Amino acid sequence: MKRLVMTIALAAGLPAAANAATCEQGFVKKGNPVTGLRFIATTNVPGMSPASAVGQLNGIVAAKGYDILAAEQESGSMLIEQPQTGKARSFPIEIAADGAGNVRMEAKLRPTMGIPEAAAKAEMCGILNQLKGGKAGEALAAKGMQATTAAGAPIRMSVLRFSQDITGEADKNSAAVPLRYKNKSFTLYGPVAYVGPVGDSYRVEWKLVSNVLTDIVPGRSSAGMNVNCVLAKGQGPYALKLKPGKHAELTGTFDRLDYGLSLVWLKDCRPVK
């Protein structure tokens, strides 16, 4: 497991992690692959405030490539996610720490997802074991809060699957989508529905072609979001050659979600050669 989502429960619900000699000894697995696995790791770091814990973790998980949706030092809570890949969807992470130096992390996997317990333990405890207390921790926290996750390589998928994924996520919580997809690049392909001017450029809207098989994939919503790709400057000749029904494969960066209009926008799009 390269990355893992973690949930650190609210500070009020944190158990005394000091009861466990190490993070590894206190590690807990719950649930099953059918309903969803859960992995729980805890630690206690003397002299570490909630703000210090969040700051340090921000730097640690950013370096490991996790998506950081929220990091609130005052409350000692975070929300991070394992990034989506071309084969697997992301799963969320909540992190919380209390004033006694306790931190609890809970990974909640989606149904049918599987990760070996040993790999989950190594990943989660590997992160928690880097936390430090006192002035050393405060220095790491100040530096860690300035860290951001580097953008990964474009994720390639059909525009139908992209629409299905983002539709399901937006229906659950549309406010989280821009945070989850910020600065992410995608290579999307499918038949063209429309090409037209927008500002000083052109936009390509794909046609969402589904069938019985694509609509019954477990865990995927029906495609309800139309996807528009605004072409980068200099792509006018390409846009003017496109026709409805023609296949288009474009790489662009997520721009925004217009949930009320059922639209997703990508920017700086270029054709894949």
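The values are calculated or read from the model by the stated rules, or taken from the named source; none is laboratory data. Not measured: the values here are computed from a predicted model. Glycine gets a Cβ as well: all are built from the backbone with ideal geometry, and neighbour counts include every protein chain shown. For the accessible areas, the whole protein counts, side chains as well, though only heavy atoms, and no ligand, DNA or RNA atoms are used. Shrake-Rupley method; radii C 1.70, N 1.55, O 1.52, S 1.80 Å.
Between GLU81, GLU94, GLU106, GLU72, the distinction of being free of Cβ contacts under 8 Å to residues at least 40 places away in the same chain and closer than 21 Å to ASN173 by Cβ belongs to GLU72 only.
When VAL54 is tested against (1) farther than 17 Å from THR149 by Cβ; (2) modelled with pLDDT of 90 or more; (3) open to solvent by less than 30 Å² (accessible area, probe 1.4 Å); (4) touching a strand residue (DSSP E or B) at 6+ places or on another chain (Cβ under 8 Å), exactly one condition is not met: (1).
Selection within segment 16-51: residues that are part of a loop (DSSP other than H, G, I, E, B), modelled with pLDDT under 90 and small (Gly, Ala, Ser). The member of this set that is most open to solvent (accessible area, probe 1.4 Å) is ALA21. Take GLU72 and tell me if it is in contact with a strand residue (DSSP E or B) (Cβ under 6 Å, 6 or more places away or on another chain) and within 13 Å of LEU57 (Cα to Cα). Against the criterion (in contact with a strand residue (DSSP E or B) (Cβ under 6 Å, 6 or more places away or on another chain) and within 13 Å of LEU57 (Cα to Cα)), GLU72 does not qualify.
Close contacts from segment 189-204, counting a first residue that is at positive phi and crowded, with 18+ Cβ neighbours inside 10 Å and a second that is among the hydrophobic types (A, V, I, L, M, F, W, C) and not in a strand (DSSP E or B), with Cβ to Cβ under 8 Å and a gap of 6+ residues or different chains, come to GLY190/VAL159; GLY190/LEU160; GLY190/LEU208; GLY190/VAL209.
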